[in-house]
Amino acid sequence: MRSCNSFRTNQSRPRAMARLSGLVIGPALIATALMATALISPALAATAHAAPCPRPGTLGTSRVLEVDVSTMPRVGLQSFPETLPLADHEVVLTFDDGPWPPTTSRVLTALAQECVRATYFLIGEHVSEHPDIVRRIVAEGHTVATHTWSHPNLMQIEHEQAIEQIDHGISALETVLHGTASTTPTTPFFRFPGFQSTPETLDLLQSRGIVVFGSDLWASDWNKMTPKQELKLITDRLEAAGKGIILFHDTKTHTAAMMPAFLRYLRDNDYHVVHVKPAEPAASLGH
Ligand SMILES: [Zn+2]
């Protein structure tokens, strides 16, 4: 599987957190994960569709925030000077590197049980390998965007290769969504692998009407930790920050295991989940 293995961030910012370390998962584990998903996905999907939202007693999604590239081309304080206009105790939940069975399914079920909508930045290779999970993410109302084809460091490859990575990731998702390999994204949002952008690729994305998402805080879930450790880490950081775009990886077992408790924490501590969507269909932006 592809995974974030390094981040570039502005360490002078008070809320910049940590650097990443690599993680490699072997073919045996991948095969195990595939088999497990084949066995449990139908049951999870049935649970997720058990009751309509909104539902009393759940965290819920408090509002939709439309993000317009003309006014917010780049957001996320860990990479950029600007971020989304969130009020105190408002959070945007984002998940990178999926879809990846069975952890993506567990995260989706946790979100559905609390009637919460999130944003997914999907890796093209994983999209092509697991289109059914992509369709489930969409069916459950989440925003789906892209994160390149195979998750390279775009700072370390030629600009033309970087464009190919971006476009191939978009076309893989569009193929699953609409059956055509368009490089015009239905949802014009993009996140760089490891936040490793270049001025040229940032300019290109802005010229194409695509919003670049960084994050305001993250769970550092690329590191090995228990769900309990991750819960303490992210809730401590959220308490300090008060709000923000939160980055998780739905490919991580500890993140999937922690998600129900994290959503309960948000509910019990009066946080509100904001769902981001594009300000207008990408087709009308043109490029
Ligand atoms: Zn990533």
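Since every read-out is calculated from the coordinates, none of them should be taken as a lab result. Bear in mind the structure is a predicted one, so any value in this text is a computation, not a measurement. Cβ sites come from the backbone with ideal geometry, for glycine too, and all protein chains shown count toward neighbours.
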Quiz item: Near Lys232, which aspartates and glutamates are there with a Cα under 13 Å away, not counting those fewer than 8 places off in the same chain?
Solution: Asp221
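Restricting attention to the stretch 201-246, which chymotrypsin sites (Phe, Trp or Tyr not before Pro) occupy a DSSP loop and are surrounded by at most 12 other Cβ atoms within 10 Å? Could you put the intermediate results ahead of the total?
Values: sites: Phe213, Trp218, Trp222; in loops: Trp222.
Hits after loop and neighbour filter: nothing returned.
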Quiz item: Which one of Val91, Pro102, Gly124 has its Cα pushed farthest toward the positive end of the charge dipole of the stretch 91-132, where Lys and Arg give +1 and Asp and Glu give -1 at the Cβ?
Solution: Val91
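Could you tell me which GluC sites (Glu not before Pro) in the stretch 100-164 are loop residues by DSSP with no more than 10 other beta carbons within 10 angstrom of their beta carbon? List each step's numbers first, then the result.
On the way: sites: Glu114, Glu125, Glu129, Glu140, Glu158, Glu160, Glu164; in loops: Glu114, Glu140, Glu158.
Those satisfying the criteria are Glu158.
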Quiz item: Reachable lysines from Lys228, Cα under 20 Å, same-chain residues fewer than 8 places away excluded?
Solution: Lys252
